[in-house]
Amino acid sequence: MSSLKFETLAADTYRRAATFLPQLLGPRLSGAVGDGYWIDDHRYFFCVSDIAGGQQRLAPSIVDARSGRVSPVLSVEALAALITRSGETEVLPAHLAAAQYDMPDADTLVVILGPDAFHIALAGPALVKTETFEPVPALHAPDGRLSCFLQDHDLWVRDRASGEARRLTSDGEAHHAYGAMPESGTAPLAARQSRMPAGLWSRDSQWFATHRIDERSLPEGALVEHVPAGNRRPAARIFKVRGPDADPPKTEFLAIHLPSGRVVRAAERLVASQAYSPFMFRQCWFTDECLYFFEWDRFSSAVALVAMDLGSGALRTVLAETAESGWIDLTANLLAQPMVQPLHGSGELIWYSQADGRGHLYLHDLASGALKHRITEGPWVVREIVHVDEAARRILFLASGFDGDRDPIQRRLCRVGFDGGGFETIFAADGDLAVKPNPVSGVDQLKPARPSYAPSGASADGRYVAASLGAVDLATRTLVIDTVTGEALEIARLNIDALWSAPKPELFEAVAADGVTRLVGAMFFPSDFDATKSYPLVDFIYPGPQTNWLTRRFPSVHGAQMQSVAELGLVGILLETRGMPGRDRAFHHAGKGRLLEPQLSDHAAVIAQLCERHAFLDLNRVGMFGMSGGGHATARAMFDYPELFKVGVALCGNHDNRNYVGTWLDRYGARPGDPERDAQANVTVAHKLMGKLLLIHGDMDDNVHPGHTLALSAALIAAGKDFDQLILPGVTHAVLSESPYAIQRIWSYFVRHLLGVEPPADFKLEWTAQGAAANRAMMLRDLA
């Protein structure tokens, strides 16, 4: 009897691949800048990562934009010594690796370590106060006196000095609570368990705005926690759901006047819930006289800006817009702040619209809503408003799509007058410029010592702008730009060049399946890449349409994950296709209703071009993987393009959006009655599988229910197909962030079926809590 022998991949290959994962790469990064803000017109406070004793930590720093001087506020060592001398517990510099820092004013630094906040007067320096917070999530008033929290379905407020708490509302109930995140959204269990109120304090700390979402009549869904902690028996976790076959729940906005307890409600203007809190996505904000919020229709094809007068409670539609087809965007990216800004000083309104097919700014009369004139115009798109100078009647903004730019969605900093005149580019470079918009809506009030309305991107006078600059192959830099001179001061740079042992990712161009549209992507190579050899190609996919998977940063979370796969001996790509945001409306809305096309046809067309262009790519060994919408796309690529995609790993895929969060299919998919609404479901084409497919899902995924993968499994079984499946106990939707085992199984699947060798038997992928936190921090930076 003869025995078969298979070559086994060396464990060192897996160990090298692991070093590129964001969970292991992130803790080694220095020069990474987190949140920052301007403490006056020329000094910018920020925290930057450094490495000391092999451990990553944050160093609180200040840049003086006038002098160009960058310096630490206080060293971590000095802070540790100061806190130790003043307290009963020894604090070492290593303990401050988990600290957060804020400057409530120019003379004070606050160090938050666990529940304790140490207030340090910089003159001296001296510890002047230690504050211990209740272990209850809260939103903190800008003046520092009060904190708002949830209890028993109602809103409460606590005096931070005395600790005394009082109730603000009294009639909240389950599924009709004040300030609760919607349970029928994208993370129902997280929403149910969250005690963080959804809301916003006014700038003067007199008002608190929130909402009340009525989910009482919605049906229930459930997850089974099969392996609870402590080896208890499996338990059902029940929550409210709203699929696309039901009308969305209604949301009531309200504002509470803290000194008097008076409540102003928009009860006669209940609006459709969009499966998330509008406070989370910065879609509500205060002015001195009004609370503003948006009213969307079910399909996001009509929107109105509504003003609620805080004095009279009167409601007024300021401006409304309806799209004849497709959905409406008020920003170029779903997660960004809407580009809408009332100007009460001049009685005007800045409004972003794609009415001309691109994305530009328009000036309206605030009282009547009538259009006065357009502000920007041209064959490019506005991406974010950075700063509005009402006195000078000028706008700083980011825009992209200019002729001659290396990348069609790399942003540059521009300026224009309210009248549309005086347009100029202030700063453009070989890379993508990101600026955190100044807070018009949805400021961060989670941190008790942060001045929540402090300018985050541009200084209050608009003279200086804090920005990050990067590309898929350029280490991310943090800059302060002088908008008068156009000069840029570098204040931090990621040390990725010293850590990245592989060739840098390469930006490439290709043509979409329509034979006309220019697409861009990034290619990733193993450390030992040899152009004379032949390599399988692996495509890491996410089809959008709400976000762009190809992040213009080095490193990015997605790029690092792709590089870890490439290290196994493969070549990987990330691709921006039609159907993704960042360009004009036609590009973004291509294939509206179909969800996965023309994205998949673009991927197929580009891969064919790359394999023809590069002899080292083997067209007969092509794989794909993706999670969530990328899991949906991966399985569909295996079904619809079986002659190309031979191996696929579909993670937590929403394989049938008829059973997903209703907002998703309503906004981006086909309308009820359209055959495409059913055709998007992978169960309808599972019988076409020819290659090797691995389905992975966490059993505690409350975003995409594991029933999506099990339903697809049932369809594959009914068709008699050979496939693989892995259900991960206790894992949520964030499979690639949470489960090292899932990543190792992805690697092994490609090693077996694309490289034709066995994975190492003596390797176990693991990471620490610090690594998981570093992964989250990288993801937040990628969203800039």
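Check Ala191, Ala198, Ala177 and return the single one that is modelled with pLDDT of 95 or more and surrounded by 15 or more Cβ atoms within 10 Å (Cβ to Cβ).
None of the others qualify; the one that does is Ala177.
Could you list all residues from the stretch 276-286 that are hydrophobic (A, V, I, L, M, F, W, C) and open to solvent by 10 Å² or more (accessible area, probe 1.4 Å)?
Passing the criteria: Phe279, Met280, Phe281, Phe286.
Specify the residue that is most open to solvent (accessible area, probe 1.4 Å); the eligible residues are those in the stretch 645-672 that are more than 13 Å from Gly629 (Cβ to Cβ), assigned to a loop (DSSP other than H, G, I, E, B) and in contact with a helix residue (DSSP H, G or I) (Cβ under 8 Å, 6 or more places away or on another chain).
Within the stretch 645-672, the match that is most open to solvent (accessible area, probe 1.4 Å) is Arg671.
How many residues are out of contact with any Leu (no Cβ under 8 Å at 6 or more places or on another chain) and in contact (Cβ under 8 Å) with a residue 24 or more places away in the chain when one looks only at the stretch 603-613?
Adding up the residues that qualify gives 2.
Could you look through the stretch 381-427, keep only residues that are basic (Lys, Arg) and more than 20 Å from His344 (Cβ to Cβ), and pick out the one that is surrounded by the fewest Cβ atoms within 10 Å (Cβ to Cβ)?
Restricting to residues being basic (Lys, Arg) and more than 20 Å from His344 (Cβ to Cβ), the top hit is Arg406.
Determine whether Ser739 is under 16 Å from Gly653 (Cβ atoms), open to solvent by less than 20 Å² (accessible area, probe 1.4 Å), without any contact (Cβ under 8 Å) to a residue 60 or more places away in the chain and under 23 Å from the mean Cα position of the chain (by Cα).
yes
Report the residue count in the stretch 456-472 for those that are assigned to a loop (DSSP other than H, G, I, E, B) and open to solvent by less than 20 Å² (accessible area, probe 1.4 Å).
Residues flagged as assigned to a loop (DSSP other than H, G, I, E, B) and open to solvent by less than 20 Å² (accessible area, probe 1.4 Å) within the stretch 456-472 amount to 5.
Out of (1) more than 23 Å from the chain's Cα centre (by Cα); (2) surrounded by 19 or more Cβ atoms within 10 Å (Cβ to Cβ); (3) within 30 Å of Gly144 (Cβ to Cβ), what's the single condition that is false for Val443?
For Val443, the exception is condition (1).
Within the stretch 614-634, identify whether any single residue is open to solvent by 20 Å² or more (accessible area, probe 1.4 Å), among the small types (Gly, Ala, Ser), within 30 Å of Asp530 (Cα to Cα) and part of a loop (DSSP other than H, G, I, E, B), and answer yes or no.
The answer is yes, given that some residue of the stretch 614-634 is open to solvent by 20 Å² or more (accessible area, probe 1.4 Å), among the small types (Gly, Ala, Ser), within 30 Å of Asp530 (Cα to Cα) and part of a loop (DSSP other than H, G, I, E, B).
Of all residues being part of a loop (DSSP other than H, G, I, E, B) and touching a Phe, Trp or Tyr at 6+ places or on another chain (Cβ under 9 Å) in the stretch 161-178, which is farthest from Gln283 (Cα to Cα)? Just the residue, please.
Checking each candidate, the answer is Asp171.
Can you name the helices (runs of 4 or more DSSP H) wholly within the stretch 1-114 that have at least 3 residues being surrounded by fewer than 15 Cβ atoms within 10 Å (Cβ to Cβ)?
11-18, 76-86
Report whether or not Pro729 is out of contact with any strand residue (DSSP E or B) (no Cβ under 6 Å at 6 or more places or on another chain), modelled with pLDDT under 95, open to solvent by 20 Å² or more (accessible area, probe 1.4 Å) and farther than 30 Å from Pro437 by Cβ.
Against the criterion (out of contact with any strand residue (DSSP E or B) (no Cβ under 6 Å at 6 or more places or on another chain), modelled with pLDDT under 95, open to solvent by 20 Å² or more (accessible area, probe 1.4 Å) and farther than 30 Å from Pro437 by Cβ), Pro729 does not qualify.
Counting just the residues of the stretch 500-514 that are modelled with pLDDT of 95 or more and surrounded by fewer than 17 Cβ atoms within 10 Å (Cβ to Cβ), which one comes out nearest to the chain's Cα centre (by Cα)?
For the stretch 500-514, the residue satisfying everything is Glu506.
Which fully enclosed strands (runs of 3 or more DSSP E) of the stretch 370-455 have 2 or more residues being among the aliphatic types (A, V, I, L, M) and closer than 30 Å to Trp207 by Cα?
Counting at least 2 such residues, we get 381-389, 394-400.
Evaluate the stretch 232-253: report whether one residue or more is buried (at least 20 other Cβ atoms within 10 Å of the Cβ), in contact (Cβ under 8 Å) with a residue 24 or more places away in the chain, aliphatic (A, V, I, L, M) and closer than 30 Å to Asn654 by Cβ.
Yes, the stretch 232-253 contains a residue that is buried (at least 20 other Cβ atoms within 10 Å of the Cβ), in contact (Cβ under 8 Å) with a residue 24 or more places away in the chain, aliphatic (A, V, I, L, M) and closer than 30 Å to Asn654 by Cβ.
May I ask you to verify whether Glu487 is over 30 Å from Leu610 (Cα atoms), without any contact (Cβ under 8 Å) to a residue 60 or more places away in the chain and open to solvent by 50 Å² or more (accessible area, probe 1.4 Å)?
Here the answer is yes, as Glu487 does meet what is asked.
Any residue in the stretch 673-696 that is under 20 Å from Gly593 (Cα atoms) and open to solvent by 50 Å² or more (accessible area, probe 1.4 Å) sitting within a Cβ distance under 6 Å of a residue that is assigned to a loop (DSSP other than H, G, I, E, B) and of a type in the set (A, V, I, L, M)? List the pairs, counting only those 6 or more apart or interchain.
Glu676/Ala670
Please enumerate the residues belonging to the stretch 117-134 that are open to solvent by 40 Å² or more (accessible area, probe 1.4 Å) and within 29 Å of the chain's Cα centre (by Cα).
Passing the criteria: Phe133, Glu134.
Within the stretch 717-725, is there a residue that is open to solvent by less than 10 Å² (accessible area, probe 1.4 Å) and modelled with pLDDT of 95 or more?
No, the stretch 717-725 contains no residue that is open to solvent by less than 10 Å² (accessible area, probe 1.4 Å) and modelled with pLDDT of 95 or more.
Conditions first: (1) of a type in the set (Asp, Glu); (2) out of contact with any strand residue (DSSP E or B) (no Cβ under 8 Å at 6 or more places or on another chain); (3) over 30 Å from Asp288 (Cβ atoms). Glu183 passes all but one, so which condition is the exception?
(2)
Within the stretch 324-373, which residues are aliphatic (A, V, I, L, M) and open to solvent by less than 20 Å² (accessible area, probe 1.4 Å)?
Ile328, Leu330, Ala332, Ala336, Met339, Val340, Leu343, Leu349, Ile350, Leu361, Leu363, Leu366 - these are the residues of the stretch 324-373 that are aliphatic (A, V, I, L, M) and open to solvent by less than 20 Å² (accessible area, probe 1.4 Å).
Step by step: first the residues of the stretch 746-755, then only those that are open to solvent by 10 Å² or more (accessible area, probe 1.4 Å) and touching a residue at least 60 places away in the same chain (Cβ under 8 Å), then the one that is nearest to Leu726 (Cα to Cα). Which residue is that?
Among those that are open to solvent by 10 Å² or more (accessible area, probe 1.4 Å) and touching a residue at least 60 places away in the same chain (Cβ under 8 Å), it is Tyr749.
When the stretch 196-235 is examined, which residues are found to be touching a Pro at 6+ places or on another chain (Cβ under 7 Å) and among the hydrophobic types (A, V, I, L, M, F, W, C)?
Across the stretch 196-235, the qualifying residues are Met196, Trp201, Ile213, Leu218, Val224, Val227, Ala235.
Give the residue that is nearest to the chain's Cα centre (by Cα), with candidates limited to residues of the stretch 179-233 that are of a type in the set (S, T, N, Q) and assigned to a loop (DSSP other than H, G, I, E, B).
Checked the stretch 179-233; the qualifying residue nearest to the chain's Cα centre (by Cα) is Thr186.
Pairs needed: first member in the stretch 418-433, at positive phi; second member anywhere, surrounded by fewer than 12 Cβ atoms within 10 Å (Cβ to Cβ); C-beta distance under 8 Å; at least 6 residues apart or different chains.
Pairs found: Gly420/His373.
Mind checking which residues of the stretch 56-83 are out of contact with any strand residue (DSSP E or B) (no Cβ under 8 Å at 6 or more places or on another chain) and either without any contact (Cβ under 8 Å) to a residue 24 or more places away in the chain or among the hydroxyl-bearing types (Ser, Thr, Tyr) (or both)?
Across the stretch 56-83, the qualifying residues are Ser67, Glu77, Ala80, Ala81.
Suppose we filter the stretch 721-738 for residues that are assigned to a loop (DSSP other than H, G, I, E, B) and not acidic (Asp, Glu); how many remain?
8
The values are calculated or read from the model by the stated rules, or taken from the named source; none is laboratory data. Keep in mind that what you see is a predicted model, and the values were worked out from it rather than measured. When we count neighbours, we look across all protein chains shown, and the Cβ atoms used for this are built from the backbone with ideal geometry, even at glycine. To get the accessible areas, we keep the full protein, side chains included, count just its heavy atoms, and leave off ligands, DNA and RNA. Shrake-Rupley method; radii C 1.70, N 1.55, O 1.52, S 1.80 Å.
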